[in-house]
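For reference, the structure is listed below as structure tokens.
Computed from the coordinates by the stated procedures, all read-outs in this text should not be read as laboratory data. Everything quoted here is computed from the prediction, not taken from an experiment. Positions of Cβ are generated from backbone atoms using ideal geometry, with glycine treated the same way; all protein chains shown enter the neighbour counts.
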């Protein structure tokens, strides 16, 4: 059974004329073969276990789904859920890449630690002792655990949007999911590829050959940044649709809980190292939001030029919010007494500290790119690109 986007003979021009059809491989009444054939198999960079192909529908019979010329709107019912799924795909590939990188870094012996021998009984120290390897491992760990928390938060709100008895609560949850969907899809797939790439780097030359398997993660992760709407399209969706929707109502669903958390914990001395960086990044996100809203109304290219950097800022603040919350829970658990998980909670605090000090500062550079506006991108003529 195939869902096919196609145009009726009297369809308007452009995307507004696309309808959605259901086209079966076999006819429902007679079980006769429909005129649906596979034209060719695509040869791809990755996900080779999934057979992507060209389908031919010449003279095939299909049935209209929904209203004529409203196919894309009907398709988005599926695509929004699929975008969250693809975001989880990016996270899953990051997780398996990180696990393989960690195992290899503990096992691979090379050189001695810069500050002295750590394993004198071995001919060399494992590469996990080296700062650059640790930076790659901690980047991977901080992303995976932070993004998992963000994904669970979105998943929780999906359930609330569907099942909560209070219609107002359902609407608020649905708004938050709508806002965060392009962020989860784009950021988690961007980072899925980045973490897979880091795993290749941690493995060194072994990462570039097939024997260790991590090169496949890098190839497989790359498609997630493209399908179900490229990550550039997700950024345009965020600034062009979600940001201004219902006079900023969707934005408030995220801004209000973040602000409430900052204000509610800013006087806690034990949380200062997590709250202050989050508050600073959150303020930059708010400034960027105002800048895009003001300049984008006058020139759509301003919003388009800022979109990718703005989405990255938003994602970093969202994951920073998750890490601040996790740090608070970890501190509370440690204060309550050792229940056999002290190492786990201390690792959470140290990973949160790494995110705040090493990853969240990217918000600053992305903010400067947003504030630079569209001119550096749009000022060059087409002929000058090849000059």
Label-to-label distance, nm, for residues given as residue 286 and residue 63 (7 Å Cα→Cβ offset): 5.3
Based on other C-beta atoms within 10 Å, arrange 322, 313 from fewest to most. 322, 313
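Going by a ≥ b ≥ c, the root eigenvalues of the Cα gyration tensor, does the stretch 235-374 fall in the rounded group (a/c under 1.5), the prolate group (a/b larger than b/c) or the oblate group?
Details: a/c = 2.89, a/b = 2.30, b/c = 1.26.
It is prolate, given that a/c is not under 1.5 and a/b is the larger ratio.
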Proxy exposure order for 191, 359 (fewest C-beta within 10 Å first) is 359, 191
With a 10 Å Cβ neighbour count serving as the proxy for reagent exposure, in which order, fewest first, do 43, 130 appear? 43, 130
Percent RCO, i.e. relative contact order, over the stretch 2-65, from Cα pairs under 8 Å lying at least 6 residues apart: 32
To the nearest 500 deg cm²/dmol, what mean residue ellipticity at 222 nm is calculated for the chain from DSSP H runs of n ≥ 4 alone, each contributing -39,500 (n - 2.57), summed and divided by the residues? -21000 deg cm²/dmol
Separation between Cα centres of the stretch 158-175 and the stretch 1-73, rounded to whole Å: 34
Taking the Cα atoms of the chain alone, what are Rg (to one decimal) and Dmax (as a whole number) in Å? 24.3, 79
Once you've got the GNM for the chain with C-alpha springs shorter than 10 Å, pick whichever of 22, 226, 202 has the biggest mean-square fluctuation. 22
With the chain treated as a Gaussian network of Cα nodes joined by springs under 10 Å, which of 29, 107, 58 yields the largest mean-square fluctuation? 29
Expressed as a whole number of Å, what is the distance separating the alpha-carbon centroids of the stretch 183-236 and the stretch 281-318? 25
Subtract the Cα-Cα distance of residue 5 and residue 241 from 0.36 nm times their separation in residues, and report this length gain in nm to one decimal. 82.7 nm
Only Cα pairs within less than 10 Å get springs; with that Gaussian network setup on the chain, which residue of 231, 34, 197 has the largest fluctuation? 34
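Looking at the P(r) of the stretch 88-245, how many percent of alpha-carbon pairs lie beyond 29 Å? Could you put the intermediate results ahead of the total?
On the way: 4175 of 12403 pairs.
I get 34 percent for the Cα pairs in the stretch 88-245 exceeding 29 Å.
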Note down the relative contact order for the stretch 235-374 as a percent, whole number, built from C-alpha pairs under 8 angstrom at least six residues apart. 34
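Reported to two decimal places, what Rg/Rh ratio describes the stretch 2-65 when computed on Cα atoms with Rh from the Kirkwood expression?
Working: Rg = 14.3 Å, Rh = 13.6 Å.
Rg divided by Rh gives 1.05.
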Pairwise label distance in nanometres, residue 135 with residue 249, each label 7 Å out on the Cα-Cβ vector: 4.6
Put a dot 7 Å past each Cα toward the Cβ at residue 378 and residue 297; how far apart are the dots in nm? 1.7
